[in-house]
1. Given labels modelled 7 Å from the Cα in the Cβ direction, how far is it in nm from ILE22 to LEU66?
2. Can you tell me how the stretch 14-55 classifies by the Cα gyration tensor, rounded, prolate or oblate, using a/c under 1.5 as the rounded cut?
3. Would you kindly state how much longer the chain becomes between LEU34 and VAL80 on full extension, computed as 0.36 nm times their sequence separation minus their alpha carbon distance, in nm to one decimal?
Amino acid sequence: MSQVAAQPPSAAPAASASGGAISGLRRRVSEGDLGSLPVVIGLVVIWLIFWRLNANFLTPRNLTNLVLQIVVYGMISSGVVMVLLLGEITCR
């Protein structure tokens with residue numbers, strides 16, 4: 001049997017992977033495949049507008065309040081999706 005010495009991993013693959021991700025994103029955007037990018041940009045713009053209008057918008061207390069209010073709608077919509085997926089109700 002021959003023994004092969006394990007080579008330590010280098011930082012080059014990690015750097016090329018992140019560079020590859022950025023170039024891949026640029027390629028997809030230039031081809032028109034935006035995916036969820038417009039939604040993320042829209043949310044950031046809305047977030048910045050509300051923060052500019054009210055300095056308390058990005059405080060921990062307000063963000064906690066927003067999350068607690070959003071959870072209710074998230075749970076209800078998850079239940080509706082489960083009912084529709086299980087076939088207990090049909091949309092006609």
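1. That separation, rounded to one decimal, is 2.8 nm.
2. oblate
3. Values: separation 46, 0.36 × 46 = 16.56 nm, distance 2.84 nm.
In short, 13.7 nm is gained.
Since every read-out is calculated from the coordinates, none of them should be taken as a lab result. Please read these numbers as outputs of a predicted model, since none were measured by experiment. No Cβ is skipped: glycine too gets one built from the backbone with ideal geometry, and neighbour counts run over all protein chains shown.
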